[in-house]
Amino acid sequence: MKRICSALLFAILVLGSSLTAPARTSEVPVLSDTDITIPWEEFKTFIEELTIPPPPPEPLPPVTVTIKDAAYDMTLEPGLLAVKAVVTAVTYGDEWHELFVCGEGVSPTELTVNGRDAPTLVKSDGIYALVRGEETWTVRATLYVSAPDAPGMHAVSFEVPVSASASGLLSFDTGLRDVTINGVPLVKSQGRLETALGGFDRVDLSYTVAAPQPETPSPEDTEGDEVALEPVLLAQTYTLLDVADEALYLTSRVVFEVRDAPETSFVLTLPEGFDVVDVRGEGIRAWNEETSGDDGGSVLAVAAAFEIEGTFALTILMERTYVDGEEIVSIPAVTPAGVKRNTGFISIVSDAGFEISEHEATDLRPQDPSELPDMLLSLSDLPPILGYRHTDDGWGLSVSVTRGEFLPVIVGFIDSANTVGIVTDDGKLVMRTHYYVRNRGLQYLRMTLPEEGDFWSAAVAGRPTNVSRDPDGTVLIPLPMERANPDEPIVVETVIYVPVEEIGAIGKVDLPMPVLNIPVAEMMATIYLPEKRRYVRFGGDMEPIKHFEKIVAPDTSSEFVEENLKLRKEVYERQSELEDYVNKKQVLTGDELSAIPEETTMFELPLRGDSYRFVKLIVLSEESRVTAYYLKTGIYRLCILLFVLILFYGVLRGVQRLFRRVRSAVKKEP
């Protein structure tokens with residue numbers, strides 16, 4: 001056996017030398033049969049050296065090209081956009097690199113890299129300059145992009161390399177209107193725009209080419225010519241009146257259809273008493289409002305930036321304040337002038353607590369609000385109260401408006417109030433509570449402490465905070481008005497102290513809770529009471545429970561039930577987490593520690609005693625309390641013993657009486 005092991009060891013040595021050492025021409029020496037002995041540690045080291053380690057993972061490919069900065073000097077004229085681009089790029093590595101210059105649809109006429117011509121590569125997505133080596137490169141290019149010059153609205157777009165720092169300077173013909181460029185605008189002046197393009201992968205321009213003003217021909221020039229067609233206008237009017245608390249807001253959208261010949265100007269008659277706030281629409285060059293004359297109304301003249309054929313939409317925003325004591329409101333009409341036909345729809349909306357009903361309607365057809373066109377419904381997010389349709393001008397409508405009395409609504413409530421408290425033998429109650437607050441406008445959470453209670457510390461959203469007290473003694477805890485996720489409740493943590501009766505041998509102790517200014521959906525409390533007592537009964541308005549129930553989802557598809565179960569489960573989990581957390585100090589480091597006022601250190605609650613749990617649903621601005629009736633353990637046991645003795649004595653006397661009756665009955669028998 002030893003010879004076999006020696007042979008195997010020798011073979012391993014020979015194989016290892018052949019793997020680790022270069023090949024040699026000399027032959028292996030011939031050894032006679034013998035035993036070889038080697039220490040285990042040396043043999044283990046030798047075997048580990050023979051093990052070939054796995055190859056290391058390939059490193060991630062480094063960034064090979066970065067764009068340091070870029071600048072674009074652009075000149076926009078009808079028909080052509082000229083761009084002078086200067087891009088600074090940095091390459092890493094000795095291989096060839098592709099520098100993106102411009103996207104498709106762009107024609108470069110000059111392209112240099114570091115002042116010299118460079119090879120280029122044309123791909124399906126654009127043009128690239130080829131460079132080699134690790135260096136900083138300055139790419140200069142002159143680019144041309146086609147820009148439509150026909151009257152109307154146009155857009156020009158081209159791709160550029162993405163750079164963290166990029167700027168654009170656009171000079172344009174003053175005959176162009178509504179010129180815009182993407183990015184962050186910096187300077188805007190007559191015929192000039194400057195913008196920051198850092199982070200953008202393309203340049204987007206939009207502009208409007210104005211229609212040329214036709215010359216009025218002389219009578220001699222028009223002799224024998226055919227008569228030119230006049231434009232025919234049709235209109236569809238969508239009128240929406242918002243009866244708000246402070247004013248009446250009128251939105252009128254007029255959609256023109258221009259037939260037979262182009263048109264560049266549109267006139268509308270506006271109602272009396274309403275002020276024009278704005279006129280909106282694509283392709284508007286200018287608008288002007290003038291008083292029409294005796295009727296007190298006004299005329300709105302709108303000039304288009306180019307000749308209109310087909311559809312042209314305008315949106316007019318107007319408003320007026322209420323007249324004192326006004327209860328009947330007339331719905332005004334915006335009437336397009338010079339149209340061959342004018343039809344439309346009317347809608348009335350309100351969310352200001354008004355009761356609105358029809359007073360008088362002329363030449364109108366009632367329309368179910370659900371059947372009103374989307375064009376009208378899109379003018380407001382509010383659902384329509386009344387809806388009408390008209391097929392011509394001359395319609396009239398007035399409504400009765402009755403203002404209702406606004407009722408106060410809660411602007412905040414608490415999902416759950418989770419409390420852990422401890423009561424000592426000498427009459428000290430200390431409670432730590434987490435309030436999960438949903439706030440919609442409250443500046444403070446107002447807390448009224450129990451009689452002779454003291455407020456020790458507070459934290460809001462995990463951050464200790466200072467509190468104040470108003471003249472009535474109410475504690476004011478500031479609430480954040482802005483938060484990252486409005487759907488998540490704010491956690492307000494408080495520690496308060498309340499003096500209570502000393503715990504004696506027999507008696508009761510009242511444990512009052514603080515009163516809040518907003519409703520609490522569910523209040524839960526875990527109270528640690530002194531040991532060596534037997535608590536025979538609990539009173540007050542909080543229900544004692546042995547443990548917080550586990551929520552099990554029933555077999556139902558109701559969304560309401562599922563959401564309610566989810567909330568209930570979260571409430572009980574919050575109480576369990578608080579019980580686990582209450583004696584663990586929260587650690588803050590770094591900048592968080594420097595921002596915490598020294599006087600707001602949170603009090604850590606020492607736990608000792610027997611725990612009892614209580615719950616109460618729907619807590620309004622009312623005081624809740626727990627009353628515990630107790631006996632000292634020795635007295636309780638004595639009472640139990642006396643009860644057992646009395647019971648035993650009663651049973652014994654009963655047995656004796658029964659035995660006597662049986663014996664008497666036996667003696668009486670003959």
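The values are calculated or read from the model by the stated rules, or taken from the named source; none is laboratory data. This structure is a prediction, so every number in the text was calculated from the model and none was measured. Backbone-built Cβ (ideal geometry, glycine too); neighbour counts: all protein chains shown. The area values use the complete protein model at the heavy-atom level, side chains included, leaving out ligands, DNA and RNA. Shrake-Rupley method; radii C 1.70, N 1.55, O 1.52, S 1.80 Å.
Below is a table of values for the structure above.
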| read-out | value |
| --- | --- |
| Ranked order, LYS84, LYS188 - accessible area, probe 1.4 Å, largest first | LYS188, LYS84 |
| Label-zone membership for region 340-376, site GLU289, 7 angstrom Cα→C-beta point, backbone N under 14 Å | none |
| Area accessible to solvent at TRP96, 1.4 Å probe radius, in Å² | 150 |
| Computed accessible area, VAL662, all protein chains, 1.4 angstrom probe, square angstrom | 80 |
| Neighbourhood charge, 11 Å Cβ-Cβ cut-off, centred on ARG625 and excluding it, Lys, Arg +1 and Asp, Glu -1 | -3 |
| Extended-chain gain in nm, criterion 0.36 nm per residue less alpha-carbon gap, THR75 and ILE410 | 114.8 nm |
| Cleavage-rule hits, GluC sites (Glu not before Pro), region 319-369, DSSP coil, Cβ neighbours within 10 Å at most 15 | GLU326, GLU327 |
| Cleavage-rule hits, GluC sites (Glu not before Pro), region 240-309, DSSP coil, Cβ neighbours within 10 Å at most 16 | GLU246, GLU272, GLU282 |
| Using θ = phi - 60° and Karplus 6.51 cos²θ - 1.76 cosθ + 1.60, couplings along region 284-290 (whole Hz; Gly, Pro as x) | 7, 8, 6, 9, 8, 10, 10 |
| Where CYS639, CYS102 fall by accessible area, highest first, once all protein chains stay in place (1.4 Å) | CYS639, CYS102 |
| Area of TYR612 that stays accessible when all protein chains are in place (1.4 Å probe, Å², to 10) | 60 |
| Estimated inter-spin distance, ARG440 and LEU641, nm [label 7 Å along Cα→Cβ] | 6.3 |
| Loop GluC sites (Glu not before Pro), region 363-469, which have at most 16 other Cβ atoms in a 10 Å radius of their Cβ (DSSP) | GLU405, GLU451, GLU452 |
| Sequence-separation-based contact order of region 414-522, relative, with Cα cut under 8 Å and 6+ spacing, percent | 39 |
| Nearest-20 debye value, region 63-148 charge dipole, Cβ charges on Lys, Arg, Asp, Glu | 140 |
| Which of LYS68, LYS667, LYS428 is most accessible, then next, and so on - probe 1.4 Å | LYS667, LYS68, LYS428 |
| 21 Å Cα-Cα threshold exceeded, pairs from LYS532/LYS616; LYS546/LYS616; LYS428/LYS508 | LYS532/LYS616 |
